[in-house]
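A short reminder: the numbers here are calculations on the coordinates, not readings from a lab. Fair warning: this is a prediction, and the values are worked out from it, not measured in the lab. Here the Cβ positions follow ideal geometry from the backbone for every residue, glycine too, while neighbour counts run over all protein chains shown.
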Amino acid sequence: MGRIRTIFFILSAASLAACGRSPDQSAAASTETPVAETVKTSSPTFAAVDAARLSKAADDLDNWLSYGRTYAEQRYSPLDQINDENIDELGLAWAVELDTNRGQEATPIIVDGVMYVSTAWSKVMALDAATGEVLWKFDPENIGAKAAHACCDVVNRGVAVWNGKVYVGTIDGRLIALDAATGSKVWEAVTVDQEKPYTITMAPRAVKGKIIIGNSGAEMGVRGYVSAYDAETGDLVWRFYTVPGNPADGPDGAASDKALADLALPTWHGEWWTLGGGGTVWDSVVYDEEFDQLLVGVGNGAPWNHEYRSDGKGDNLFLSSILALDPDTGAYKWHYQANPGETWDYTNTQQITLADLEIDGETRKVLMQAPKNGFFYVIDRQNGKLISAEAYVYQNWAARIDLDTGRPIEKPNARYIDGPQMVLPGGIGGHAWHPMSYNPGTGLVYIPAMTVPLVYERNDGYEIHYGRWNTGVTFTDPPETPELTGDLAARRAQMRAMQKGYLIAWDPVAQAPRWTVERDWPWNGGTLATGGNLVFQGLPNGEFEARAADDGKLLWSFQSHRGIIAGPATYRVDGEQYVAVLGGYGGGPGMATPDANNKYIPPNGVIMAFKLNGEETLPIYEPVSRPAPAPSSETFTDAQVATGQEKYITFCMICHNGPTNPELDRTPYMRDAEAWRAIIIDGALEDNGMASFRDYMNAHEAEAIRAYVNTLARALAEKESNPE
Ligand code: CA
């Protein structure tokens, strides 16, 4: 039991995963969906966004036209009607309850008084940005079982808009164009092999008449790529694979062929293609207008463990890299790889922000990134040359980043080859997808950062389970190290104490923090910087905060009763400034860890907009307790329980350990052998997101899991009836 609890904790720490959807609570958005006829016009009334308008987005104070507000993705708005002097008067202007308590990660887009936003399960809504009136809703009707392929919840980070259309990527791998006026579908493209464990959670980007979209799935085992589709027709224009395929299959006939053959292939060994190699492009894609290039963040390897992926040899390009591509053709321009031979789930998919920085008396055109590995990188975006890199959170895997070679100097056993190693940051990263913001006035980057350690050990019994988690790593008990001392219980406690969140105001020129706010929970919301000397951030405890941008002082806070992880946006309608954010806890930790208040079932998500003198209130929050554990009185054999435990660790707990999905030690199905089998083997709840596991186990093994879950429930019932 102790070991299992430890594994729970460590998985929690890694914030691994996601699967089945909890039964959706009441669909409660404020109005029904009027579906009007699609009207084709040459200049659209809704989402009238084109290249010229996106180019000037920084000066367009009323609107938030793309994921990070402008192509530079600074998430900074000069709006200062709401500011550090009148923030006391900020109140709720409107709120719309969403249809599920799954994670809400989207940043809304606002065009001419209309808000376009995606929600969990890749649904899309259009709302009146001043009143919250719902104009239309769209449900892509996903393949429910694809939820089991989503490492980190059925989240969606946002839409793109272009020429009267709204674009969304779906959890089952489609790219869909909607009429911005009506929400009706204009075209749909299947962007992945849906038999494979690909998903999409990222916001598409609209660039030069094309819609750019990547995908997720490297934890399960896929080959990553990024694609460009014609915005009007949905035809594929180009595709760039980030890692080589099986050489026996020959070139892909894709934009990446030459770069893969010349640069990447020589850096791979073994039979990496068996699991695809990874390298998914699952979040950050930025258009750099000045150099007419797309900057693409590339993710971790599949499996994580470099020894299993590539015989422990080679840099494995273009994993953990930033790629610069020609937006018209997808042709390679340059790359920078942060982690050669990636082996920790260190991705470079984190937000890429463009800026002009004054460095040593010279104006440098840079990109800035705080990837998972804990270092803040400032890179010359003309050529990909590293300018500087310093740790923005505590890290223990590298001595430093060599500025001449751009490569890290790794510390002994960072690669856990000589035994288990506690590594910081762990796989969840020092910073994940949560948006950061950059205020050119203060010169500071506001990073939602965290320290969550993970103990890595080579999984000696590693076997591939196609379509399920494949890391080649065992998440094990903390070993004794200079950082962890005492007996096992003491070391576990020390590891738990390391789990913190931070809001860091980082000076990218000095490469040092200006101020830092410590949080007692790691998984905090994205940030927004405004001209009112403000930084906005939501928290998993439901608070939505505003702090002074220059010194970090807390100025204002609003309790929303559900964890906030998304990035906020700000905009203006009829001269009035609004700040909007989605509430709804989830993502990886929503699957894998207890939430900040683990007594209650998380309520449905909500979209909230605030303005000065806003006087709305949220619906009264009535906490709903989690079901009490109610185990069966049946007798199970020790052998059953042991088999069940092994299967449970391999297949179940990655998705069923946190607040977002049903907690198996509280499910009533544990008392019903027939229902249990129907769900696990026959897929009775597939439409809800709980896939059948018939490809991974037989009915006896499924029953063994039920035996084990009953032992968990008995222990939990005992604990809850004897609270400490
Ligand atoms: Ca990953």
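Using the Cβ-Cβ distance between D402 and D88 with R0 = 41 Å, the FRET efficiency computed as 1/(1 + (r/R0)^6) comes to roughly 0.25.
Between the beta carbons of D326 and E576, assuming R0 = 45 Å, the FRET efficiency works out to 0.60 to the nearest 0.05. Multiplying the residue separation of K385 and E480 by 0.36 nm and subtracting their alpha-carbon distance yields 30.3 nm.
Footprinting exposure proxy ranking of C652, C152, fewest other C-beta atoms within 10 angstrom first, gives C652, C152. Cross-link partners for K56 among the aspartates and glutamates, with Cα-Cα distance under 18 Å and sequence neighbours closer than 8 places in the same chain left out: E73, D112, D288, E289, E290, D292, D356. Here the alpha carbons of segment 590-724 define both size measures, Rg and Dmax, at 18.1, 64 Å. Extension gain for A51 to W273 (0.36 nm times residue separation, less C-alpha to C-alpha distance): 76.1 nm. Toward the positive end of the charge dipole of the chain, with +1 on the Cβ of Lys and Arg and -1 on the Cβ of Asp and Glu, the farthest Cα among L90, L275, P662 is that of L275. Of all GluC sites (Glu not before Pro) in segment 44-120, which ones are in loop regions per DSSP and have a Cβ with at most 16 other Cβ atoms within 10 Å? In loop regions of segment 44-120 (DSSP not H, G, I, E or B), the sparsely surrounded GluC sites (Glu not before Pro) are E85.
Note that segment 447-461 has calculated 3J(HN,Hα) couplings of 9, x, 10, 7, 10, 9, x, 9, 8, 9, 9, 4, 7, 5, x Hz, one per residue in order, obtained from phi through the Karplus relation 6.51 cos²θ - 1.76 cosθ + 1.60 (θ = phi - 60°); glycine and proline are x.
With the charge dipole of the chain set up from +1 on Lys and Arg Cβ and -1 on Asp and Glu Cβ about the Cα centre, the Cα lying farthest toward the positive end among the listed residues G689, V509, A126 is that of G689. For T637 and D672, a Förster radius of 22 Å and the Cβ-Cβ distance give a FRET efficiency of 0.70, rounded to the nearest 0.05. Neighbour counting of Cβ atoms within 10 Å sorts the residues I601, I447, fewest neighbours leading, into I601, I447.
Using every pair of distinct Cα positions in segment 579-620, the Kirkwood expression returns a hydrodynamic radius of 12.4 angstrom.
Counting neighbouring Cβ atoms within 10 Å and putting the fewest first, the residues D550, D153, D193 line up as D193, D550, D153.
Rounded to the nearest 20 debye, the dipole magnitude of the chain is 880 debye, with +1 charges on Lys and Arg beta carbons, -1 on Asp and Glu beta carbons, and the Cα centre as origin.
Derived scalar couplings between HN and Hα for segment 562-570 equal 9, x, 10, 10, 6, x, x, 9, 10 Hz in order, rounded to whole Hz, by the Karplus curve 6.51 cos²θ - 1.76 cosθ + 1.60 (θ = phi - 60°), x for Gly and Pro.
Normalised by the number of residues in the chain, the average gap of Cα pairs under 8 Å and 6 or more apart makes the relative contact order 16 percent. For segment 295-344, the set of trypsin sites (Lys or Arg not before Pro) satisfying both a DSSP loop assignment and a count of at most 11 other C-beta atoms within 10 Å is empty. Average projection, convex hull of the Cα set of segment 327-397: 5.9 square nanometres.
Considering only Cα atoms, the convex hull volume of segment 55-153 works out to 148 Å³ per residue.
Computed per residue of the chain from DSSP H runs no shorter than four, each worth -39500 (n - 2.57), the mean residue ellipticity at 222 nm is -3000 deg cm²/dmol. Each Lys and Arg contributes +1 and each Asp and Glu -1, all at the Cβ; summed about the Cα centre of segment 315-448, the dipole is approximately 180 debye. Fully extending the segment from S184 to E463 would add 96.0 nm, taking 0.36 nm per residue of separation and subtracting the current Cα-Cα distance.
Legend: residue pairs K372/K500; K313/K365; K313/K411, Cα-Cα distance threshold 23 Å; pairs beyond threshold, K313/K365.
How are the C-alpha pair distances of segment 109-265 spread across 10 Å bins, as whole percents from the shortest bin up? Percent of pairs per bin, in order: 11, 38, 32, 14, 4, 1. With the convex hull drawn around the C-alpha atoms of the chain, the volume per residue stands at 149 Å³.
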